[in-house]
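What follows draws every value from the coordinates through simple rules; no lab data is involved. Keep in mind the model is a prediction, meaning the values are calculated, not measured. Backbone-built Cβ (ideal geometry, glycine too); neighbour counts: all protein chains shown.
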Amino acid sequence: MNDQRILEPLRKLGIGLSPPPAAVAAYLPCVVHGSLAFVAGQIAMSDGVVLHPGSLGNQVSIDEGVDAARRAALQALSALRDALGGSFERVERILQVTVFVASAPGFVDHPKVANGASELVAEILGDAGRHARGAVGVSSLPLGAPVELLMTAAVEAA
């Protein structure tokens, strides 16, 4: 996939792709193996600070959860690009996105939160960004984040 095919839609949306955040524990941000790339869990952060801390249905609104999912998706794309040598050239498509949503008991709008990520990725990559998805409610996430996102991509083998 041409690098500009991803960067141009981002520019049109007024979104810059920041460098991926450093890992906050003992893991790699992205592992490429053969024709697959696995992006580790991304929580929405800005300057090392978690965005919208708390849980959906309590401290965090659906709009804030959607924003966190969008930011986590952008960070996942940034980690993917970094692992592929700073380019999206080898990306064929996004296969799966899993969105974990820290939520209060009774919260049922996990898909609405996850749509923030799914819709943005599809808007940026077109059909190659449409993916299988899981939206999972959990009681808490690392660093008090409201959303954590995992991404798997098909890539051309090196």
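Between ALA158 and SER87, the modelled labels are 1.3 nm apart [label points 7 Å from Cα along Cα→Cβ]. Most simply put, the range 46-158 has about 55% antiparallel DSSP beta bridges, counting only bridges with both residues inside it. Here the simple spin-label model places points 7 Å from the Cα toward Cβ, and for GLU8 and SER61 these points are separated by 3.5 nm. The 3J(HN,Hα) values that the Karplus relation (6.51, -1.76, 1.60; θ = phi - 60°) gives for the range 137-147 are, in residue order, x, 9, 6, 7, 9, x, 6, x, 5, x, 9 Hz. Gly and Pro appear as x.
Let me spell out the model: positive unit charges on the Cβ of Lys and Arg, negative unit charges on the Cβ of Asp and Glu, origin at the Cα centre of the range 38-103. What dipole size does that give, in debye rounded to 20? Spell out each step's value before the answer.
On the way: 5 positive and 7 negative charges, 35 e Å.
In total the dipole reaches around 160 debye.
Summed over qualifying helices (DSSP H, 4 residues or more, each -39500 (n - 2.57)) and divided by its residue number, the chain shows a 222 nm mean residue ellipticity of -10000 deg cm²/dmol. Think of the range 5-140 as having a plus end and a minus end, set by charges on the Cβ of Lys, Arg, Asp and Glu; of GLN96, GLN75, PRO21, GLN96 sits farthest toward the positive end of this dipole.
Placing a pseudo-label 7 Å from each Cα along the Cα-to-Cβ vector at VAL136 and VAL108 gives an inter-label distance of 2.2 nm.
Counting other C-beta atoms within 10 Å, which of VAL108, VAL39, VAL147 has the fewest, and how do the rest follow? Don't skip to the end; give the middle numbers.
Details: VAL108 10, VAL39 28, VAL147 35.
Starting with the residue having the fewest Cβ neighbours, the order is VAL108, VAL39, VAL147.
When only the Cβ of Lys, Arg, Asp and Glu is charged (+1, +1, -1, -1), the dipole of the chain relative to its Cα centre reaches about 120 debye.
Among the listed values (i) 1.11; (ii) 0.95; (iii) 1.06, the one matching Rg/Rh (Cα atoms, Kirkwood Rh) as calculated from this structure is (ii).
Per the Kirkwood definition applied to all pairs of different Cα atoms, how many angstroms is the hydrodynamic radius of the range 7-91?
So the Kirkwood estimate lands at 14.0 Å.
Within a 10 angstrom radius of the beta carbon, how do LEU36, LEU84, LEU17 rank from fewest other beta carbons to most?
Numbers: LEU36 13, LEU84 20, LEU17 16.
By the 10 Å Cβ count, ascending, the order reads LEU36, LEU17, LEU84.
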